[in-house]
Amino acid sequence: MADETGGAPERRMPLFRRQAIEGAPGTLRLEELAFAAKFILRLDPQAGGEAFGAATGLDLPPAPLMSVVNGERAVLWLGPDEFLVLAPEGEAAGLADAVASGLKDVHHQFTEVSDYYTCIAVEGPKARKALMKLTTLDLHPRAFSVGTVAGSNFAQAQGWLWLEHEAEGAARFRLYVRWSMAEYLWGTLAEAGREWGLPEQEPVTGEPMLTESVTSRKA
Amino acid sequence: MFVITCPYCGERDLSEFAYGGEAHIARPEWREDMSDAEWAEFLFMRTNPKGILAERWMHAAGCRRFFNMLRNTATDDILAVYRIGETPPKVEARLPATPSGEAPIGSGNDAVKIIQPGEGA
């Protein structure tokens, strides 16, 4: 099939067949935030935190389970020397170059994982309640405040939960999960939200592993 | 199910953790004349006490870091949690008495220094 991309497979995210879904007004909303740039940074914060900040404008989180936001970029704590760096789509290459030159004298690793993880946004006043059904994390506002990041199991899938924003009782969570688990977690979250009117999500059968343009070329 | 305190992330459910076997077993330095028995000793032999055991755990679903724990294998009491590279702290153990008058449950391991309640450090 001839197209503008010369037959190259179209880039897409694991939940490309899913539209954002919403429950009753003022309850819960699910949406995939596709294509954002994501990096895993391995770095000793003592050794390279300042250099990283100078290169990217992002300070590393000062304590475990914390995040730092600067504009549209953010750093999430994943471990004592491991961080998830987030940036808008299109900034990946620039960010990678900036880190490579800014940290060239410091032992580090900066790996793009934009297409390894995807992000499901879970928003609304019932977001905490819905996520509580899937995880053993303490999601009470007393224990899980704005900016908190925690890795845990959500139903059967490992993921990273970040409370990005909360206003007037409406929380905006971002759930970072591996590509292969995204479809499963989407269905499970929709199931958890059914009491607030989220529509049931039929499982999609027959994973199309190849895009149309590739299969037609083979034939 | 019980709650484990990760030294980095704090209190989390057991289901987030992976077990890493007994802690503080040093890999022997390689020698040409090392016998199979010596190697097997390192590889297979564990103390397996009914009592307090220093063991490794990993916070598999969270920060993915290994850490050490002192746990009473008879009662599942977690007595201490400490990071890799740190020495095991001295702990005060609560060893339940056995009805038959044998040694209290969990008293079988002398690899870890146990301070009986009231004994003082």
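The values are calculated or read from the model by the stated rules, or taken from the named source; none is laboratory data. Note that the coordinates shown come from a computational prediction; the quantities given were computed from them, not determined experimentally. Neighbour counts run over all protein chains shown; Cβ positions are idealised from the backbone, glycine included.
Name the pairs whose Cβ atoms lie under 6 Å apart, with the first residue in region B:56-76 and within 14 Å of another protein chain (Cβ to nearest Cβ) and on the phi < 0 side of the Ramachandran plot, the second assigned to a strand (DSSP E or B) and polar (S, T, N, Q), and 6 or more positions between them or separate chains?
Sorted first by the residue in region B:56-76, then by its partner, the pairs are B:ALA61/A:SER152; B:ALA61/A:ASN153; B:ALA61/A:GLN158.
Considering only region A:42-62, state which residues are part of a strand (DSSP E or B) and either within 14 Å of chain B (Cβ to nearest Cβ) or touching a Cys at 6+ places or on another chain (Cβ under 7 Å) (or both).
Of everything in region A:42-62, just one residue is part of a strand (DSSP E or B) and either within 14 Å of chain B (Cβ to nearest Cβ) or touching a Cys at 6+ places or on another chain (Cβ under 7 Å) (or both), namely A:ARG42.
Only one of these is modelled with pLDDT of 95 or more and crowded, with 20+ Cβ neighbours inside 10 Å: A:ALA37, A:ALA51. Name it.
A:ALA37
Filter region B:7-55 for residues that are charged (D, E, K, R) and part of a loop (DSSP other than H, G, I, E, B); which is farthest from the other protein chains (Cβ to nearest Cβ)?
Filtering first and then ranking leaves B:ASP33.
Does region B:52-85 hold any residues that are more than 30 Å from A:GLN156 (Cα to Cα) and in contact with a Phe, Trp or Tyr (Cβ under 9 Å, 6 or more places away or on another chain), and which are they?
none
From the list A:ALA167, A:ALA171, which one is modelled with pLDDT under 95 and more than 14 Å from chain B (Cβ to nearest Cβ)?
Residue meeting the stated conditions: A:ALA167.
Go through A:LEU76, A:LEU86, A:LEU134, A:LEU65 for me and flag whichever is closer than 28 Å to A:TYR184 by Cβ, within 14 Å of chain B (Cβ to nearest Cβ) and part of a strand (DSSP E or B).
None of the other options fit; the residue is A:LEU76.
Just checking, does region A:99-107 include any residue being within 14 Å of chain B (Cβ to nearest Cβ), surrounded by 15 or more Cβ atoms within 10 Å (Cβ to Cβ) and not in a loop (DSSP other than H, G, I, E, B)?
Pass one, region A:99-107, residues within 14 Å of chain B (Cβ to nearest Cβ): none.
Checked against the condition, which is being within 14 Å of chain B (Cβ to nearest Cβ), surrounded by 15 or more Cβ atoms within 10 Å (Cβ to Cβ) and not in a loop (DSSP other than H, G, I, E, B), region A:99-107 yields no hits at all.
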